[in-house]
Amino acid sequence: MSLELFVKTGFAFCGVIHLLPVSGAMGASALQSLYGVSLADPNLILLMRHRASMFGIIGVFLGAAVVYKPWRPHAYAAGLCSMSSYLILALSDKWDSLNPFVQRVFWVDVAG
């Protein structure tokens, strides 16, 4: 595999990882399906929907970087910050207190 193909595949893979939670922008039931949590507070639902939207923006940015080389350094930084911040936050909590859905997000981000 050429280096260029490897880089493109990495950006595409991380883009898809960031696009997966976009369905959470649809509302509380979608968020519950994604993360295995029940959300009743409308403020928290709004914040989580916004989070899903932000992931969509980063995912599109990473996907665009597959074909538009000048964006790659910035897209890489955005994706790295997004994924590593989640890993750091998840590791700072008690692992056993995180549900299997949230732990799965951790391992997907490790793969990314």
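Only a single item in (1) over 17 Å from Lys8 (Cβ atoms); (2) out of contact with any Leu (no Cβ under 9 Å at 6 or more places or on another chain); (3) open to solvent by 80 Å² or more (accessible area, probe 1.4 Å) is not met by Arg49, and it is number (2). Selection over the stretch 23-36 of residues that are within 19 Å of Arg104 (Cβ to Cβ) and open to solvent by 50 Å² or more (accessible area, probe 1.4 Å) gives a count of 4. Against the conditions (1) out of contact with any Lys or Arg (no Cβ under 8 Å at 6 or more places or on another chain); (2) touching a residue at least 12 places away in the same chain (Cβ under 8 Å); (3) not hydrophobic (A, V, I, L, M, F, W, C), Gly24 satisfies every one except (1). Listed by first and then second residue, the pairs with beta-carbon distance under 7 Å, at least 6 apart or on different chains, first residue in the stretch 92-112 and under 17 Å from Gly79 (Cβ atoms), second open to solvent by 80 Å² or more (accessible area, probe 1.4 Å), are Gly112/Phe13.
The listed residues are Val60, Val66, and the only one of them that is open to solvent by 50 Å² or more (accessible area, probe 1.4 Å), touching a residue at least 24 places away in the same chain (Cβ under 8 Å), of a type in the set (Val, Ile, Thr) and in a helix (DSSP H, G or I) turns out to be Val60.
The values are calculated or read from the model by the stated rules, or taken from the named source; none is laboratory data. Computed from a predicted model, the values in this text were never measured in an experiment. Glycine also receives a Cβ, built like all others from the backbone with ideal geometry; neighbour counts cover every protein chain displayed. SASA here: full protein model, heavy atoms, side chains in, ligands and nucleic acids out. Shrake-Rupley method; radii C 1.70, N 1.55, O 1.52, S 1.80 Å.
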